[in-house]
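> Let me give you the structure first, and then I'll get to my questions.
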Amino acid sequence: MKAPVRVAVTGAAGQIGYALLFRIASGDMLGKDQPVILQMLEITPALPALEGVIMELNDCAFPLLAGTVATDDPNVAFKDADFALLVGAMPRKQGMERKDLLEANGGIFGPQGKAINDHASRDVKVLVVGNPANTNALIAQQNAPDLDPKCFTAMVRLDHNRAMSQLAEKTGAHSTDVKGITIWGNHSSTQYPDLHQATVNGKPALDQVDQDWYENTYIPEVQQRGAAIIKARGASSAASAASAAIDHMRSWALGTTDGEWISMGIPSDGSYGIEPGVIYGYPVTCKGGKYEIVQGLKINDFSRARMDATEKELREERAAVEGLFAK
Ligand code: NAI
């Protein structure tokens, strides 16, 4: 048996946490031969609820669960963490402007970034799920000056999975028949689900659907899927968000399949003309625990306009939180 790795999860008593922890402990994220120690962070009032979650984790008698830690102290939660899934965030309250939301989350992700900087493994893999995910990831990264900026990523995998499944449904295929989708940019309604390189059963996706459907139905439906789920379920997506977080981390840690790519929110290195530094959804391949941007994709005017619009939103978000970066 391998030595256990430490997986920190914040917002562990929330609804995504409840769907996530059991899958991590059962080996879905890192493999059926990798024991894990779960280090769970919550705010103080939620610690009793978290105790209940831990009772249930214990009651599963998972062979791979090598220990649990429950705490309201980020310095404890991120101690020696190999993986960190930052799920807990400040939800948008009525009347709150986007800027207020960004600042409120800065109060969470700044200190958490610092605690990761001070206590986590030097090659920790951080995934930010809590919204606004891309800019929260940037805030955490900017408060962790001793770590490689590439340690910090944001989740656009749920959008990627949604885009795969909606294209599969339209073309009468299975999601496993769909390849080459990219979610560019922000995990928000400006994200751009790009089908220009996508294939279904090996044939170009855009030859199998009409442009009007792509532009006026598919793109808005992928962008607005989160809102549609809230309307239907009365609560935001949780199991699918947890599943996407598992997929993101598994791809990063264990690698992507040859010839395929996935979408990850990662620090831009200027590829595809995107402002360096912002956390932007890119097509990536993963190998040996590292990710790399897929280069050389042709970008037409249709794509360029949408990639630039979502980049603009991320620049604006960054401008709103720059004061929260470590000097
Ligand atoms: P939830 O409200 O059920 O749970 C959030 C938990 O975080 C709560 O238990 C709360 O006590 C905890 N929390 C709040 N501040 C914390 C802090 N400073 N440290 C540790 N824990 C803290 O929310 P849910 O449904 O689990 O969603 C969590 C986040 O994920 C939200 O921001 C949501 O918008 C986001 N989300 C992101 C998606 C993506 O694709 N990137 C998809 C779906 C949700």
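> From the Cα gyration tensor of the stretch 50-148, with a ≥ b ≥ c the square roots of its eigenvalues, which class applies: rounded if a/c is under 1.5, or else prolate if a/b is larger than b/c, or else oblate? Intermediate results must be reported in sequence, preceding the final value.
Working: a/c = 2.51, a/b = 1.37, b/c = 1.83.
Oblate shape, in that a/c is at least 1.5 and b/c is the bigger or equal ratio.
> Can you give the alpha-carbon Rg of the stretch 210-306 over 2.2 N^0.38 Å, where N counts its residues? All intermediate terms of the calculation are to be shown ahead of the outcome.
Values: Rg = 15.8 Å, N = 97, 2.2 N^0.38 = 12.5 Å.
Dividing the Cα radius of gyration by 2.2 N^0.38 Å gives 1.26.
> What are the residues whose amide H is under 5 Å from the amide H of Gly281, where those residues sit 5 or more places off or on another chain and H is modelled from the backbone?
Here the answer is Gly185, Asn186, Ile266, since their amide H atoms fall under 5 Å of that of Gly281.
> Might you tell me the accessible area per residue for the stretch 1-107, computed with a 1.4 Å probe and given in Å²?
Working: 4940 Å² over 107 residues.
Accessible area per residue, the stretch 1-107: 46 Å².
> I've got another one for you. What is the Cα convex hull volume of the chain when expressed per residue in Å³? Numbers along the way, then the final one.
Values: hull volume 44.9 nm³, N = 327.
Output value, Cα hull per residue: 137 Å³.
> Considering the options Ala13, Tyr214, His187, tell which one lies farthest towards the positive end of the dipole of the chain, charges being +1 on Lys and Arg and -1 on Asp and Glu at the Cβ, about the Cα centre.
Final value for the positive-end residue is Ala13.
> Lys32: which lysines have alpha carbons under 22 Å from its alpha carbon, excluding same-chain residues fewer than 8 sequence positions away?
Straight-distance partners of Lys32: Lys2, Lys125, Lys287, Lys290.
> At 20 °C and 1.002 mPa s, grab the translational diffusion coefficient of the stretch 108-205 from Stokes-Einstein with a Kirkwood Rh over Cα pairs, rounded to a whole number in µm² per second. Before the final figure, lay out the partial values.
Numbers: Rh = 14.9 Å.
Value of D from the Cα-based Kirkwood radius: 144 µm²/s.
> Further question on the same structure: Show which lysines lie in cross-link reach of Lys203 when reach means a straight Cα distance below 18 angstrom and same-chain residues fewer than eight apart are skipped.
Reachable lysines: Lys170, Lys179, Lys298.
> Based on Cα positions only, what radius of gyration and what Dmax would you give for the stretch 58-101, in angstroms?
That works out to 16.2, 47 Å for Rg and Dmax.
> Along each of its three principal axes, how wide is the spread of alpha-carbon positions in the stretch 173-259, in whole angstrom units, largest first?
The Cα atoms of the stretch 173-259 stretch 37, 37, 25 Å along the principal axes, largest first.
> About the Cα centre, and with charges only on the beta carbon of Lys, Arg (+1) and Asp, Glu (-1), how big is the dipole of the stretch 110-161? Nearest 20 debye, please. Intermediate values should be presented prior to the final figure.
Numbers: 5 positive and 5 negative charges, 15 e Å.
Dipole of the stretch 110-161, to the nearest 20 debye: 80 debye.
> Could I ask something else about it? From the square roots a ≥ b ≥ c of the eigenvalues of the alpha-carbon gyration tensor of the stretch 36-75, which class results: rounded (a/c under 1.5), prolate (a/b over b/c), or oblate?
Values: a/c = 4.55, a/b = 1.53, b/c = 2.98.
Oblate.
> So, one more: So how strong a dipole does the chain carry about its Cα centre when Lys and Arg Cβ are +1 and Asp and Glu Cβ are -1, to the nearest 20 debye?
Working: 31 positive and 39 negative charges, 29 e Å.
In debye, rounded to 20, the chain gives about 140.
> Turning to a different aspect of this structure: Roughly how many Å² is the accessible area per residue of the stretch 135-268, as a whole number, for a 1.4 Å probe?
On the way: 5260 Å² over 134 residues.
Solvent-accessible surface per residue comes out at 39 Å².
> Evaluate the charge dipole of the stretch 276-327 about its Cα centre and quote only its size in Debye, nearest 20, assuming +1 on the Cβ of each Lys and Arg and -1 on the Cβ of each Asp and Glu. Intermediate values should be presented prior to the final figure.
On the way: 9 positive and 8 negative charges, 47 e Å.
My answer is approximately 220 debye.
> Need one word for the stretch 131-184: rounded, prolate or oblate. Basis is the Cα gyration tensor (sqrt eigenvalues a ≥ b ≥ c); a/c below 1.5 gives rounded, then a/b vs b/c decides.
Working: a/c = 5.39, a/b = 3.11, b/c = 1.73.
In terms of gyration-tensor shape, prolate.
> If you don't mind, there's one more thing I want to ask. Name the most mobile residue of Ala244, Ala81, Ala309, meaning the one with the largest mean-square fluctuation, in a Gaussian network model of the chain with Cα contacts below 10 Å.
Of Ala244, Ala81, Ala309, the most mobile in the Gaussian network model is Ala309.
> Using a 1.4 angstrom probe on heavy atoms only, work out the carbon and sulfur share of the accessible area of the stretch 19-139 in %. Could you put the intermediate results ahead of the total?
On the way: 2730 of 4900 Å².
Reported share for carbon and sulfur atoms: 56 percent.
The values are calculated or read from the model by the stated rules, or taken from the named source; none is laboratory data. These numbers were taken from a predicted model, which means no experiment stands behind them. Using ideal geometry, Cβ is built from the backbone for each residue, glycine included, and neighbour counts are taken over all protein chains shown. Ligands, DNA and RNA are stripped out before the accessible areas are found, and what is left, the full protein with its side chains, is counted by its heavy atoms. Shrake-Rupley method; radii C 1.70, N 1.55, O 1.52, S 1.80 Å.
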